[in-house]
Structures are given as structure tokens and as C-alpha cells.
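What follows is one structure encoded as C-alpha cells, with my remarks underneath.
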Amino acid sequence: MKSTTFNARKINQLLSSMSFAVSMLVFLGIASIIGTILKQNEPYENYIIKFGQFWFGYFEKIGLYDVYHSIWFLTILLFLVISTTLCISKNTPAILKDFLVFKDSLEEKSLLSFSHHLVIKNKKNVNVSKILNYLKQVKFKIKEKSKENGDILIVAKKGNYQRLGYILTHVGVVVICLGGLLDGNLTFKAQELLGYKKIETLDIPASKVPEVSRLSSDNTSFRANMTLVEGGSDNVAFVRMKDGYLVQDLPFKITLKDFRINHYSTGMPKSFESDLVISDPEFPQSIEKTISVNHPFTYKGIAIYQSDFQDGGTKLDIKLRSLFNSNAPKKIGGQIFEKVKLDKDQITYEFNDFRKFNILHLKEGEKEKPRNVGPSVTYKIRNNSGQAREYLSYQYAMEIDGRSFFITGMRETPQEEFKYLKVPADKKGSIDDFMLFKEALQNEALISAVAKKIANQSMNADKNDTVKESFENSVNKLMTLFAQGGFSSVSENLDRNIPPSEKEKAAQTYLKIIDIASVELYRNRFNFLGKELDQGRIKFIQDSLNAYSDMFFFGAPYYFELTNYEQKEASGLQLTKSPGQFWVYLGSLSLVLGIFSMIYLHERKFWLLIKAKGGVILALSSNRKNIDFESDYKKLTNDIRKIIQ
């Protein structure tokens, strides 16, 4: 029995000790830093991309992706509540007693032991009333006591509320932690542990989610998300959990009547707001309310925040231009979040996102403001085996280094950066001239005619036909190689057939021939025979050759051209039921008041012993002795000395 009592006392001493409470606060601070730096409740795919499979699994086990609802974080809060509560219960009685009671039992010997005391000898007939009036003027609370030997002891104190700061600070910590525990999804965690609830991982409609993965409208605490298109409505929201989600039923239905975005002159979003209609089955009349960022609407304890916005299913008009043959363009219609399958090509277009405004800084390293480059579409092209590449295509040409290009990015995995295909725009700001030039590069008959012309122009009249024919065949073969694979195909041919010592010279010759032949192809295709081309057209040809060569790494049989769109936007709402929020705010207020009291309120205790036989002893003490205390001591002793004298 004694051993049990001893162990209980030891545990109580540990939990109520300052070192234990500070340790819990340190752990809490570290956890909060992790939760701030690492974005919480992201889809698991994002964390896999960021950390890799090994570290992802390790961090997932210790709950770093939802720190504030993890078991270990809630356990820290619980221990901090216990520790701080024990501290309060142990120290509050003594603090309150010291707050209420005047220490008027001190004797002369005790006063002389104070580090800050003053003895004034041979003084009789001290004017007590003047001293009392003075102490009242400097905000002291006073108690006067007459002793049996005729001595008079005046006890005064002020700044006593500093002691209450200790209580307020510790109570604030307890209340904040309790608020955190209230919002810690403890009910769900218990239900999940007992097998009553299960996280849904399949991408299925909310109506088909089983009851085991749904939270009732009576749920005490949650943070869920809802996306509504204009005119759409719903009475459920989604709570992101680990690698899946839960469906949170709501006691009312939300309809998005209208969604608006205001932009700066650069195209950057300035503000966005939603006109909502709340329909409650308990009341016949609906409630209309407009919410915006940082201006939520709260109904039945559920706060509805404007969190973000996204595409709501924009309709797209698309022209697919063939890159590797001269077939006529295909016109297809698409919609964001929908798919279009091209059976003949055995590929599927998956449209993921549309952005009307894209703010880019096109000149890195130069002092130029980012500007809006217009709409873009993000999509994937998936083949029959299920492999997909992701693409980002901009509708309008962008000016880069004084020339205009149509930009399309491609990446094979989400963790890669986009690699961009830059197709030069013609003087009309379209892609038409490039496509015509591309067809000329792929026209075997035209290549043969150009090769013959170059051979005739390059060879002297005295050269025999065999030499001319050989040179013509070389030009023809070189341009055919380029047409079939771009510069990489030409490079591979160099590696196979040219000795290393002659590669550089041969490469320069090949490039010169490609440039000459390309200019002739351009003249033939655009009716410039016998005419000199200006510098702008020469640069267009060079840019087109680079773009044509890059096409072979593009991974798509078509160039995606957005011709028109019908934008449809969706509003992202966050719905929060947080019963602990009030208590966190209340605890924060208590914490601030407590810290303010302890730092800015100065406790002073003053004793003045007027001896019947003559002489005065005064003493001053404080729980925190600093420069202010020294200054107060000097002023108080000087003033009392003047009154007595």
C-alpha cells in the first residue's frame, strides 16, 4: 500500500513539475513547426512525388501529413492539460492566499534581513496619517496594525494582480489545449479504432459511398471541402483523410447562385466571391448570403468559407493538326474533367484543367513585370496500354526574344518539369505557315526537286553528271533523314558513318546544306522563287527547323490548338465545424492577459515599522528585482524620509 502511494506521489510530482510542462511545450512547438512547414492533408500522390516511396511511407506512419489530428499530437495536448492543471491546483491556493492576505506578523529582525531596508534612528512623533495618505496616492493597498509594545506596523502592497497572471497564463494553456482536443476528431478516431468507420479510397459518387464511410450531420467537429459549379447544389462535403476521404452529411443544402472573380490589370485574381442559397428542411424560406475570402457565413455552427476556385467543366473547341502527315486538321469538342477517345489513333485525350489567365515572367533575369499570356489547357494523352503524358498548351503566341511562339509543354511524369515545344507564329499570329512549311519538309517530290536544284547550282559546268547525281542524292538523303527524325536522326547518321576526327567538319557541312535546302523549300512552298528572303523569314525558317526537330520528342501525333472555349467556373468552399474554436480564442485571451500581467505589472510589498521608543524601519520587496525596482526603492525611501523629517 505504501509503495502504491509512493508511486502515485512520484507520478504526481513528475506531471506537475515545470520541466515536464516545458518538455510538452517544446514537443508541441516542434510539431507545430512541422505542421506549418509541411502542407497538411494533401493528396498522398503529392507526398510520394515530393519525398519518394521510402520516406513517404515512413512519414505516413508517424502521421506527419495530418499532424494536428495525429494520436501523438493529441496525446501531447492531453499530457499538457494534465500537467498544467496539476500545477494550477498545487500553486493556486498559495497565490490566492498571498493575494488576499497582508503579511503583518513580521518582526523587527525580519525586516532588517531584507536586502532593501532602511533604518531611520532617533525619530519620534511620526505623522502616520501623512504616510498613509502618501501610500494611497502611489496606489498602495494599506493595512495598519498596532502592536502590544506600542509599535505601529504599516503593511502596503500594490501590483498584486501580477500573481494572478500566473493563474491566467496556465488556465489559458489548459483551455487552448482542451479546445484543440475538442477539434481533434476524437469521435471518429474511436469509431475507426473500433471498426465502426472506414476511410473510402475508391473514386465513386457521394451517393454510392457506404454508410461506414459517412459522417452524420450530428458530427461534432470536422473540416470538409465542397466544390460547386454555378447553378449546382449539394448537401454533402468531403473530408480528406490519409489516402482517401469521408463523406460528411450536412443538415442543409448549399446552392451556388453565382460566382465572381475580380482581376488586377495584369490578370492576377484580386478577389472572388460566391452568392450562396442555404436551404434548410426545417425552415420553409431559404437564406441567401454572399461570402468572400476571410468573410465566411456561419449557419447552425458550420462556418462556410470561400477557400478557392477552379474550373467547373469549361467546354473546349479544339483543332488537332497532324504533325507527321499532311492530313486535314481534326475538329473535336472537349470538356474539362471529360475524355475524348480517338479510336483510329488509339489514344484518349483527358482534359484536366483550364485557366483563362496565366501570369508569366517571360524574360528571366530582366526587370520586367509578369504579364498575362492568355488561356491554357492542361490535358493528358493516354495510349491503349494506359501510359499517359501530360501536356500544357497555351492558346495565344508569346513574344520571346523579339519573336512570337506558340508554347506547349510536355512531361512524362508529374514529378518532372515541363519540356516546351516552341512553334514559331507567322506574321498573322497563327500556326498556319509552320504547318505548311512542315508539309514541305515531308514532301518527298519537293525535296527531290530542291536537291536537284542545289546540285545544279553548286556544281561547276565541267563536273560530270555522276558527281552531280552523287551530290544530289546526298542532299536528298540528308533532307529525308531530317524529315524522318529531325537533327537527332542526322546526328545518329553522323555517328554511324563519319570517323570521329571528321565529325565536326561534317556536321557543319550538313547543317549548312539543311539551311540552304530549307530556304529553297520555303521559297517553293510560299511562292518566293528567285526572291531574296528578309531576315524575319530566315529566322522563321530556323525556328521552324528547331520546332520540327523537337516534334519527335513531343510524344503526340497532333498539335493541340485551342480555337474557342465556353468557360464554366466552380467555387471551392471549406466547411468547418469547430466547437473548440471559442475555447481556443478564450484561452488565448487568458494567456495574453496573464503574460501581460506578469511582464508589465510590478508587484511591490512595503513594510514600515514605527517604533514606540523612537526610530523607523522600512523595507521593500518584490518577486522580480530589476532596474525598475531599484528606482522605486530609492523614490519610496526618499519620499518617506521627507515625510518623517
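Couple of notes before you dig in:
- Some residue of the range 243-254 being aromatic (Phe, Trp, Tyr), closer than 30 Å to Ser70 by Cβ, part of a strand (DSSP E or B) and open to solvent by 30 Å² or more (accessible area, probe 1.4 Å): yes
- Selection within the range 363-421 - among the basic types (Lys, Arg) and either within 30 Å of Lys344 (Cβ to Cβ) or out of contact with any helix residue (DSSP H, G or I) (no Cβ under 7 Å at 6 or more places or on another chain) (or both): Lys363, Lys367, Lys369, Arg371, Lys380, Arg382, Arg389, Arg411, Lys419
- Restricting the range 420-438 to residues that are outside any loop (DSSP other than H, G, I, E, B), touching a residue at least 24 places away in the same chain (Cβ under 8 Å) and closer than 14 Å to Met398 by Cβ, the residue that is farthest from the chain's Cα centre (by Cα): Pro424
- Residue selected from the range 124-139 under the condition touching a residue at least 24 places away in the same chain (Cβ under 8 Å) and open to solvent by 80 Å² or more (accessible area, probe 1.4 Å), by the criterion nearest to Ile610 (Cα to Cα): Lys124
- Counting only residues that are of a type in the set (Gly, Ala, Ser) and more than 30 Å from Phe51 (Cα to Cα), the range 378-436 holds 6 of them.
- Of all the listed residues (Ile49, Ile11), the sole one being closer than 28 Å to Val171 by Cα and not acidic (Asp, Glu) is Ile11.
- Failed item in (1) closer than 28 Å to Ser430 by Cβ; (2) surrounded by 17 or more Cβ atoms within 10 Å (Cβ to Cβ); (3) in contact (Cβ under 8 Å) with a residue 40 or more places away in the chain, with Phe309 passing the rest: (1)
- Search result, residues across the range 520-549 that are of a type in the set (Val, Ile, Thr) and touching a helix residue (DSSP H, G or I) at 6+ places or on another chain (Cβ under 6 Å): Ile541
- For Ile261, the conditions (1) part of a strand (DSSP E or B); (2) of a type in the set (A, V, I, L, M); (3) more than 15 Å from Lys577 (Cβ to Cβ); (4) without any contact (Cβ under 8 Å) to a residue 60 or more places away in the chain are fulfilled apart from (4).
- Residues (open to solvent by less than 40 Å² (accessible area, probe 1.4 Å), within 22 Å of Gln574 (Cα to Cα) and not in a helix (DSSP H, G or I)) located in the range 43-85: Ser70
- Residue that is modelled with the highest pLDDT, among those in the range 446-501 that are of a type in the set (D, E, K, R) and not in a helix (DSSP H, G or I): Lys463
The values are calculated or read from the model by the stated rules, or taken from the named source; none is laboratory data. If you're wondering where the values come from, they're calculated on a predicted model, not measured in any experiment. No Cβ is skipped: glycine too gets one built from the backbone with ideal geometry, and neighbour counts run over all protein chains shown. Keep in mind that these areas ignore ligands, DNA and RNA; they rest on the heavy atoms of the full protein, side chains included. Shrake-Rupley method; radii C 1.70, N 1.55, O 1.52, S 1.80 Å.
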